[in-house]
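To start, the structure under review is shown below, and the notes come after it.
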Amino acid sequence: MSFRRRVQYFYVMKERVGEARRALDAWVREVVAWHFDPATGCPFWLDYAARLDWDPRKEIRAYDDLGMFGNFQDEWLRGGPVRRWVPKGYAERPVYVFETGGTTGVPKSRINIDDFRIDYEIFSERLPEEHFPKGADWLMVGPTGPRRLRLAVEHLAQHRGGICFLVDLDPRWFIKLLKMGEREMAERYKWHVIDQALTLMRAHDGIQCLFTTPRLLEALCEKVSLKKMGIKGIFCGGTEMTPQFHRFAVEELLDGVYFAPTYGNTLMGLATHKPPAPEDNYAIIYYPPAPRAMIEVVDPERPERVVEYGETGRVRLTTLTKEFFMPRFLERDEAEREVPCEAYPWDGVRNVRPFAPLQTKVVEGVY
Amino acid sequence: MIHIPLLRRGKPYRSLDTARAKHYRTGEVVAEVSQANSGLIRRDLMGQASARAALARIPARELMAISRRAARHFMEDELPLGETTQTPQQYVEQLSATTGLPYAMARRNMEKIRTVLDKVDEVIGGLTRHLDPRVLDEGFGEEGGTAMSYYPCADTLGVVLPSNSPGVHALWAPATALKMPLALKPGSAEPWTPYRMIQAFLKAGAPEEAFGYYPADHAGGTEILRQCGRGMVFGDTATTKPWAGDRRVEVHGPGYSKIVIGEDAIDRWEEYLDAMAASVVENSGRSCVNASGIWVPRRAEEIAEALAERLARVMPRDAADEEAQIAPFANRDVAERISAMIDQDLAGTAAREVTAERRGSGRLADWQGSRYLLPTVVLCDREHALANREFLFPFASVVEVPESALPEALGHTLVLTAITENQELLRRLLASPLVGRLNIGAIPTVRIAWDQPHEGNLFEHLYARRAFQRKEDRTAA
């Protein structure tokens, strides 16, 4: 890129980042107004506000002001009553409850009404049509149970005019098997899941899109060529994915089938990956679905400080929807802070992985 | 910076995941080591049969000649190391830098490996009871007029290696001559030796398909052991326990090696002090063949005092000092944890740490910015928590035990040196399944005769004999 072009790009990006930030600040005011309004907010935040000597609806004028809440405590989401999270504005709506993986004790619960549909519809806009054709059927091989993932992927398929076939994997049982030292049983369970997936793919020619986890993807590719099975696009997520896995998948597993790594969770929603570019050398770069959620990378010792671009830190999530307000939640992940790009003029994260100081305590398994 | 790649069927592969091998003292990064993801290991091991076919095509005698040439290359040549090369001296220095092993000890281990590679005919002769190597080529043959047939139990030997001492690599070294491809996961602090050995084999003409080198995390090691028909795992009890019941995997955990002196020899104990000291201290006490117990019918206190007197003189020296006998801990915390465990076990008991009294200082020592555990001799009774323990430094307990309680009182003992001519005691020791390797006479436990199987017989681990008959072909005449 010439110097002149670089200067132009800089100014264009600066403008776009500014616009995105102004939109985020406006959205923060709207979401805070909703959650702290006695007519629409949820019992948890209304009780919380009652104990404050300041009014969030007056004081929170921009995204940065969310620091006034401090860090969202993970324990607030463990255990009941779950209805304290249901906004009064949605009191008449059917409510789902989704749980996090449950790798660390009592799972965290999040209520959901339409968020998972909205998140996946936004995500759908980013999927390339040639690899995830409209009308194609999907196969989801991964955790269903109390997780958002099953309904979300199914909705994604339906939203794109397809039908979603499902094969369940219970990650909690898998992890328990590993903890019990039952490696062979865990392996047999994995193949039980894979066998079911292969049966469905062989029986239904319409399946062209696949969601699965990295480990299950490896296992599937040990058995068949997904390309020969008619798969055109793979949406992969659920556990840590390293650049090496990304490269291995692209170079050795997929025969050219499009690979869309994702980072998401019950609490945040779904981040979108930056399309692969040679200069990224298989780094996995995600951008959050702003303004509905933001991902930042902060100094683990001083979480109020966002690290510099390229610097490593702990991942901090903020979820900003009318169903769920979660300011500044410190995730069990670390990553490098990534600069905004044209498609996503806000901060992203590079190479998300388990946060090192907590790493030894978590068994991830296949999910 | 040096980068050590994976070797996938002998070909270098630079992973995007890397680990850093650091200098034990300065913390400076000595090498960046590519890390294999589990899926990659599994995928490579899906092609095991063709790797084995590549070795099976080469006559065993030719593979033995390759091994002999590899011995020379390993010892003398500048060999590839990632995108650079490594001289023998660089190997010694790099090995020392990440493990703390003094140069002299690194060279002694190098010599051990060279011996096994060079004497592979004798080693395999010992393991196979001098089976004609052509039986490995043909799958059958005749021995003393009896038809026999052997078949391989695996297409690859997977080995999860430790970082504590490069001498252990001598154990898998004959596998190539036995026509068995290798999938090796090196210890995180010791990526050097297996890489250099593979390069020596390749330079000597071994087929590259026969070698997989996969630095990886714990999951990668598990994958290797799961996917290979035969395996070896080295490590502490926690590492090896999951494989204890798996007959495909030979477990090399703590050795609890010991010296026993019989009633008939105990009054001449001073004659055996050299053997005792060597058994405890050589290789900085890091090997499973180092003695961690001296078990005697009486005079334990005198022996403990004399051994302590000898071992208390061993002090840290520079890595390049030819007299260096002990290695520092690459991880200071490990030394401190071990020392605390010993203190805890000693507290409130009648056991006595004899070396501390002789030395007049504690067993933890700092020298040149490194943490050492100095040789330690404990005098205790056989029920004491330290009576049958093994640590990663020169440590021995001297224990009094009636001869009649042997060998049951010893528990599992990888190497037992029995200094006695009491035939009844020897008969009991020879009959005992608790004793892995038996030395009769004042042979240090660390002296390995490579024509003897050590902690399992590699040939018997890799091959099984089948019943075999062949009808004479009368039409051919």
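The values are calculated or read from the model by the stated rules, or taken from the named source; none is laboratory data. Bear in mind the structure is a predicted one, so any value in this text is a computation, not a measurement. Positions of Cβ are generated from backbone atoms using ideal geometry, with glycine treated the same way; all protein chains shown enter the neighbour counts. Just the protein is used for accessible areas: all its heavy atoms, side chains included, with ligands, DNA and RNA removed. Shrake-Rupley method; radii C 1.70, N 1.55, O 1.52, S 1.80 Å.
Selection of the stretch B:25-49 for residues being within 14 Å of chain A (Cβ to nearest Cβ) and assigned to a helix (DSSP H, G or I) yields B:S38, B:G39, B:L40, B:I41, B:R42, B:R43, B:D44, B:L45, B:Q48.
Taken over the stretch B:13-42, the residue count meeting the criterion of being open to solvent by 20 Å² or more (accessible area, probe 1.4 Å) and farther than 23 Å from A:N351 by Cα is 8. Go through the residues of the stretch A:261-277 one by one and say whether even a single one is of a type outside the set (S, T, N, Q), assigned to a loop (DSSP other than H, G, I, E, B), open to solvent by less than 10 Å² (accessible area, probe 1.4 Å) and within 14 Å of another protein chain (Cβ to nearest Cβ). Taking every residue of the stretch A:261-277 in turn, none turns out to be of a type outside the set (S, T, N, Q), assigned to a loop (DSSP other than H, G, I, E, B), open to solvent by less than 10 Å² (accessible area, probe 1.4 Å) and within 14 Å of another protein chain (Cβ to nearest Cβ).
Across the stretch B:332-383, the number of residues qualifying as touching a residue at least 24 places away in the same chain (Cβ under 8 Å), of a type outside the set (S, T, Y) and in a loop (DSSP other than H, G, I, E, B) comes to 8. The set of residues in the stretch A:67-100 being in a helix (DSSP H, G or I) and either free of Cβ contacts under 8 Å to residues at least 12 places away in the same chain or open to solvent by 70 Å² or more (accessible area, probe 1.4 Å) (or both) consists of A:M68, A:E75, A:R83, A:K88.
Taking each residue of the stretch A:299-310 that is farther than 15 Å from A:A335 by Cβ and looking for partners that are open to solvent by less than 50 Å² (accessible area, probe 1.4 Å) with beta-carbon atoms closer than 8 Å, six or more apart or interchain, yields A:E304/A:G67; A:E304/A:V298; A:R305/A:V298; A:R305/A:D299. Residues that are open to solvent by 10 Å² or more (accessible area, probe 1.4 Å), within 13 Å of another protein chain (Cβ to nearest Cβ), touching a helix residue (DSSP H, G or I) at 6+ places or on another chain (Cβ under 8 Å) and closer than 16 Å to B:E32 by Cα within the stretch B:189-230 comprise just one, B:A216.
Among the residues of the stretch B:231-256, those identified as charged (D, E, K, R), farther than 20 Å from B:E190 by Cα and more than 12 Å from every other protein chain (Cβ to nearest Cβ) are B:R247, B:E250.
Conditions (1) under 26 Å from A:V153 (Cβ atoms); (2) out of contact with any Cys (no Cβ under 9 Å at 6 or more places or on another chain), marked per residue:
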residue: A:T272; (1), (2): yes, yes
residue: A:P276; (1), (2): yes, yes
residue: A:Y287; (1), (2): yes, no
residue: A:D299; (1), (2): no, yes
residue: A:R302; (1), (2): no, yes
residue: A:V307; (1), (2): no, yes
residue: A:R328; (1), (2): no, yes
residue: A:P340; (1), (2): no, yes
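Among the residues making up the stretch A:180-197, a single one is touching a helix residue (DSSP H, G or I) at 6+ places or on another chain (Cβ under 6 Å) and within 14 Å of A:L166 (Cα to Cα): A:I194. Among the residues making up the stretch A:278-328, those that are within 15 Å of A:C341 (Cα to Cα), assigned to a loop (DSSP other than H, G, I, E, B) and more than 14 Å from every other protein chain (Cβ to nearest Cβ) are A:P288, A:P289, A:A290, A:Y309, A:G310. Checking each residue in the stretch A:103-127 for being open to solvent by 30 Å² or more (accessible area, probe 1.4 Å) and either β-branched (V, I, T) or touching a residue at least 12 places away in the same chain (Cβ under 8 Å) (or both) picks out A:T103, A:T104, A:G105, A:V106, A:D114, A:R117, A:I118, A:E121, A:I122, A:R126.
Out of A:V167, A:V141, I need the residue that is without any contact (Cβ under 8 Å) to a residue 40 or more places away in the chain and either out of contact with any His (no Cβ under 9 Å at 6 or more places or on another chain) or part of a helix (DSSP H, G or I) (or both). Which one? Only one candidate passes the filter, namely A:V167. Can you name the residue in the stretch B:135-151 that is of a type in the set (A, V, I, L, M) and within 32 Å of the chain's Cα centre (by Cα) and is also farthest from B:G125 (Cα to Cα) among such residues? Applying the filter and picking the extreme gives B:M148.
For the stretch B:122-138, filtering for residues that are open to solvent by 40 Å² or more (accessible area, probe 1.4 Å), farther than 15 Å from B:I58 by Cβ and in a helix (DSSP H, G or I) leaves 1.
No other residue among B:E357, B:E323 is under 19 Å from B:V280 (Cβ atoms) and at pLDDT below 90 apart from B:E357. Being open to solvent by 50 Å² or more (accessible area, probe 1.4 Å) and either over 30 Å from A:E279 (Cβ atoms) or not basic (K, R) (or both) is the requirement here; does B:P102 meet it? Answer is no for this residue. Looking only at the stretch A:43-61, decide whether some residue is closer than 15 Å to A:T318 by Cβ and in a helix (DSSP H, G or I). Within the stretch A:43-61, one or more residues are closer than 15 Å to A:T318 by Cβ and in a helix (DSSP H, G or I). Selection of the stretch A:77-92 for residues being within 23 Å of the chain's Cα centre (by Cα), of a type outside the set (A, V, I, L, M) and modelled with pLDDT of 95 or more yields A:W85, A:P87.
Residue-wise test of (1) open to solvent by 50 Å² or more (accessible area, probe 1.4 Å); (2) over 25 Å from the mean Cα position of the chain (by Cα); (3) closer than 20 Å to B:L434 by Cα.
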| site | (1), (2), (3) |
| --- | --- |
| B:W367 | yes, yes, no |
| B:R382 | yes, yes, yes |
| B:P394 | no, no, no |
| B:A405 | no, yes, yes |
| B:L410 | no, no, yes |
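Can you find a residue in the stretch B:39-47 that is touching a strand residue (DSSP E or B) at 6+ places or on another chain (Cβ under 8 Å) and small (G, A, S)? No: zero hits. Look through the stretch A:227-256, keep the residues that are buried (at least 21 other Cβ atoms within 10 Å of the Cβ) and more than 9 Å from every other protein chain (Cβ to nearest Cβ), and return whichever of them is farthest from A:D137 (Cα to Cα). Among them, the one singled out is A:M241.
Only helices (runs of 4 or more DSSP H) whose full extent lies in the stretch B:148-239 are considered here, and the ones with at least 1 residues that are among the β-branched types (V, I, T) are B:192-204, B:218-227.
Summed over the stretch A:159-202, residues that are within 14 Å of another protein chain (Cβ to nearest Cβ) and either over 29 Å from A:R126 (Cβ atoms) or within 23 Å of the chain's Cα centre (by Cα) (or both) total 16. Among the residues of the stretch B:7-24, those that are assigned to a strand (DSSP E or B), under 21 Å from A:E222 (Cα atoms) and either without any contact (Cβ under 8 Å) to a residue 40 or more places away in the chain or within 14 Å of another protein chain (Cβ to nearest Cβ) (or both) comprise B:R8, B:Y13. Can you confirm whether the stretch A:35-42 contains a residue that is open to solvent by less than 50 Å² (accessible area, probe 1.4 Å) and modelled with pLDDT under 95? Within the stretch A:35-42, not a single residue is open to solvent by less than 50 Å² (accessible area, probe 1.4 Å) and modelled with pLDDT under 95.
Selection of the stretch A:203-215 for residues being under 18 Å from the mean Cα position of the chain (by Cα), in contact (Cβ under 8 Å) with a residue 40 or more places away in the chain and open to solvent by less than 50 Å² (accessible area, probe 1.4 Å) yields A:L210, A:F211, A:T212, A:T213.
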